[in-house]
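The values are calculated or read from the model by the stated rules, or taken from the named source; none is laboratory data. Computed from a prediction, not measured in an experiment: that's the story for all the values here. For neighbour counting, all protein chains shown are included, and Cβ atoms are generated from backbone atoms with ideal geometry for every residue, glycine included. Please note that ligands, DNA and RNA were not included when accessible areas were found on the heavy atoms of the full protein model with its side chains. Shrake-Rupley method; radii C 1.70, N 1.55, O 1.52, S 1.80 Å.
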Amino acid sequence: MLRIILIGLAVVALIVVGAGLYSFKVYRARMADAEQAWFAIAAQAPNASQSLPRFDPTQLADQPEIARRYLTHAIAPGTPLNPVVSLTMQGVFRLGNADAPRELAMSARQILAAPSEFVWIPTMAGGGMRIWGSDGLHQGNGWTRFWMYGVVPLVQAADTPDLNRAALVRPAIESIWAPAALHPALGARWEQTGENTARVTPAQSDITIDLTLDATGAVTEVVAQRWSNANPDAEYRLQPFGGFVTSEGTFDGFTIPTQVAVGNHFGTADFFAFFEAQLTSAV
């Protein structure tokens, strides 16, 4: 009997190890896919031999006052209007909801070709967990894939109509990290909606974002309507997604937000800032 039990345990162990090895193999393959998309997006950045329009404040005379305020604050004169940026960040990522949040320390790197493509690769840890994976949108195909310790799949979603539509908001709203994408010379359209507010449709995007600025032109709030199922009904619908900006910094001629707190249902009682990040570099 003991021999039978030992054989049974050995079989179970082999199955568990085999499943873990297979899951790790899948993890490695999907992360390789994310890296491939990263390099494809990075390749969109113009090189030194290509001619880019450079920022000239005098060319904004026909734009609303708030567009002039933002762009002259965000872009130094003579800066090439390059909408591709590589970022590193650290902060917190919260699971659950506002009533029962589970906070994970987060560090991440991101490539952003505003306003249409991105790859975000974080490491998150807390409460005995380490989570790795990626979130992205490349050539219209979105994905959200995360594993615990590289073997336990947590979220495996990719290339569905709902996910692709939801993913479109991220690189559009994150255009505040690549202000060239918000310049009329690249196709952005501006509408002043109040003394300190604007509605902007970034270049080559159908997503409209609402910005709130201070008197200097710095962004204080950003929000867009996102196709999302983050609601009690778990049904996809348009709902406000956005957050607050509390600090900024200047990198390569661009002054951009460096401290953000972002979440679903922004501007409502259900707002939950599940993502808080501090940029550590922008290239």
Point to revise | Zone residues, segment 148-178, relative to ASN229, backbone N less than 14 Å from point 7 Å out along Cα-to-Cβ | key: 155-167
**Study point:** In Å², nearest 10: area of GLU276 left accessible to a 1.4 Å probe
**Key:** 60 Å²
**Study point:** Cα shape, segment 163-283, gyration tensor, a/c 1.5 rule
**Key:** prolate
Review point. Under a point-charge model restricted to the Cβ atoms of Lys and Arg (+1) and Asp and Glu (-1), what is the dipole moment magnitude of segment 28-187 relative to its Cα centre, in debye to the nearest 20?
Key: 320 debye
Practice item. Treating the angle as unsigned and between 0 and 90°, give the value, to the nearest 10°, between the Cα long axis of helix 65-74 and the longest Cα principal axis of the chain. Key: 60 degrees
Check your understanding: Can you give the direction-averaged projected area of the convex hull of the alpha-carbon atoms in segment 89-206, in nm²?
Key -> 9.2 nm²
Check your understanding: Averaged per residue, what accessible surface does the chain expose to a 1.4 Å probe, in Å²?
Key -> 49 Å²
Study note, to complete from the structure: Taking Cα atoms only, Rg over Rh for segment 210-270 with Rh from the Kirkwood formula is 1.09
Revision key, fill the gap. With +1 on the Cβ of every Lys and Arg and -1 on the Cβ of every Asp and Glu, the dipole magnitude of the chain about its Cα centre, in debye rounded to the nearest 20, is 1060 debye
Point to revise | Simple label model, 7 Å out from Cα along Cβ direction - ALA43 to GLN90, nm | key: 3.3 nm
Check your understanding: In nm, to one decimal, how far is the ALA29 label point from the THR72 one, both placed 7 Å along Cα→Cβ?
Key -> 5.6 nm
Practice item. Would you work out which of ASN264, VAL155, PHE24 lies farthest towards the positive end of the dipole of the chain? Charges go on Cβ: Lys and Arg +1, Asp and Glu -1. Key: PHE24
Check your understanding: By how many degrees, 0 to 90 and rounded to 10, does the Cα axis of helix 2-42 deviate from the longest principal axis of the chain?
Key -> 20 degrees
Review point. Rg and Dmax of the chain over Cα atoms: what are they, in angstrom?
Key: 21.4, 88
Check your understanding: How much accessible area does ARG145 have with a 1.4 Å probe, in Å² rounded to the nearest 10?
Key -> 50 Å²
Review point. Ordering ASP270, ASP206, ASP159, ASP214 from largest to smallest accessible area (1.4 angstrom probe), what's the sequence?
Key: ASP206, ASP270, ASP159, ASP214
Practice item. Pop a pseudo-label 7 angstrom from the Cα along the beta-carbon direction at both GLN204 and ALA157 and give the gap in nm to one decimal. Key: 2.6 nm
Exercise for review: Return the carbon/sulfur percentage of the accessible area of the chain, one whole number, probe 1.4 Å, all protein chains in place.
Suggested key: 58 percent
Study note, to complete from the structure: Honestly segment 26-142 on the Cα gyration tensor test (a ≥ b ≥ c root eigenvalues; a/c under 1.5 rounded, otherwise a/b vs b/c for prolate or oblate) is just oblate
Exercise for review: Only Cα pairs under 8 Å and at least 6 apart count here; give the relative contact order of the chain as a rounded whole percent.
Suggested key: 17 percent
Check your understanding: How much accessible surface does THR79 have with a 1.4 Å probe, in Å² rounded to 10?
Key -> 10 Å²
Check your understanding: For the chain, with the dipole built from +1 on Lys and Arg beta-carbon atoms and -1 on Asp and Glu ones, taken about the Cα centre, which of GLY96, PHE244, PRO171 lies farthest toward the positive end?
Key -> GLY96
